[in-house]
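The block underneath contains the structure these notes are about, expressed in C-alpha cells.
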Amino acid sequence: MKHNKHQQKEAAADRANLSTNGVDFAPSADEVARRAYFSYQNEGSKPGRDVQHWLEAEAQLLAERNLTRIHGFHNAN
C-alpha cells in the first residue's frame, strides 16, 4: 500500500512529544482501531484504505489530546 509520507512524519513527530508532566497522550490501539473502523463504515465499508483510516484516526486522536493538553483540561480535578 502507498503511504502518505507527510502523515507518517507528522504522526512520528506527535509521538515524540506525547508526554508532558508525566501524562501520556498516546491513544491506545483499541481507541485508534475503533475510530478507524467508524471512518471505514462512514465511507461505505470500501476495502483498501485500512492504513489511511488508521493513520487518520491516530492523527485525530493525537490532535484532540494536544488540544486538551494545551488548554490544561487534563489537570482539572
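Here, each number is a calculation from the coordinates, and none is a lab measurement. Being a predicted model, the structure only gives us computed values, none of them experimental. Note: ideal-geometry Cβ built from the backbone for every residue, glycine included; neighbour counts use all protein chains shown.
Observations, loosely collected:
- Protection-proxy order for peptides 60-67, 28-35, 41-48, each taking the mean of Cβ atoms within 10 Å per residue, highest first: 60-67, 28-35, 41-48
- Straightening the chain between K46 and T68 buys 4.7 nm, computed as 0.36 nm per residue apart minus the Cα-Cα spacing.
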